[in-house]
1. Going by the alpha-carbon gyration tensor, a ≥ b ≥ c the square roots of its eigenvalues, is segment 45-128 rounded (a/c under 1.5) or, if a/c is not under 1.5, prolate (a/b greater than b/c) versus oblate?
2. When the accessible area of the chain is computed with all protein chains present and a 1.4 Å probe, what percentage of it is carbon and sulfur?
3. Which shape class applies to segment 109-159: rounded if a/c is under 1.5, otherwise prolate when a/b exceeds b/c and oblate if not, where a ≥ b ≥ c are the square roots of the Cα gyration tensor eigenvalues?
4. Taking only Cα atoms and a 10 Å spring cutoff, compute GNM fluctuations for the chain and point out the largest among 65, 93, 125.
5. Given the DSSP H assignment, sum -39500 (n - 2.57) over each helix run of at least 4 residues in the chain and divide by its residue total; what's the result at 222 nm in deg cm²/dmol, nearest 500?
6. Using θ = phi - 60° and the Karplus form 6.51 cos²θ - 1.76 cosθ + 1.60, what ³J(HN,Hα) does each residue of segment 58-68 get, whole Hz, x for Gly and Pro?
7. Roughly how many whole Å is it from the C-alpha centroid of segment 41-56 to that of segment 102-159?
8. Ratio of alpha-carbon Rg to the 2.2 N^0.38 Å globular estimate for the chain, to two decimals, please.
Amino acid sequence: MTIPPAARHQVERFREIFAAPKAKPRRQGEGALSDAIREALALTCPDLLLMRNAQCAVVKSNRMVRGGLGNGSADLVGVLRPSGRWVALEVKVPGEIPTTDDLLRAHNRGARATAAQRHMMAQRVWLEDVRAFGGFAAYVSSVEEARAAIARARTGASS
């Protein structure tokens, strides 16, 4: 069938609209590591329900609406069966887990702390709160570290 020249533009537009969706680009950095950890633990830890804790903030009707578990909450949260123990894993790319010195410097800066430093402190406080309420919380920067962390959580450790 021959398409008239005047209709070719419409046919091309139709093909663009109804073409198969393009594959989403794979996440990189911390997001990719978080995905890899969730996938690996899903395959090897049938006693663990682990979910990504997505954070969001949108303006709706001139109001800020926030989603997720709150500022500083862990990237991955879940529950161990049969104990029902709460698990929180803060995922960091290798080399970015904050040291005590990093946290002390941020604390000493007080109101002059950068947004990244304030977020780092909020994450530390959130993990400490999980531990204070009997949960397990840890920083992880690889699939192997995450597996080791879950093994510690099963034994009753707090971090």
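The values are calculated or read from the model by the stated rules, or taken from the named source; none is laboratory data. All values derive from a computational prediction rather than experimental measurement. Surface areas here come from the heavy atoms of the whole protein model, side chains and all, with no ligands, DNA or RNA. Shrake-Rupley method; radii C 1.70, N 1.55, O 1.52, S 1.80 Å.
1. Oblate is the answer for segment 45-128, as a/c is 1.5 or above yet b/c matches or exceeds a/b.
2. 57
3. Cα axes put segment 109-159 in the oblate bin.
4. Among 65, 93, 125, the largest mean-square fluctuation in the Gaussian network model of the chain belongs to 65.
5. Mean residue ellipticity, 222 nm, calculated: -13500 deg cm²/dmol.
6. So the J values, rounded to whole Hz, are 9, 9, 9, 6, 6, 10, 7, 10, 10, x, x.
7. 18
8. 1.46
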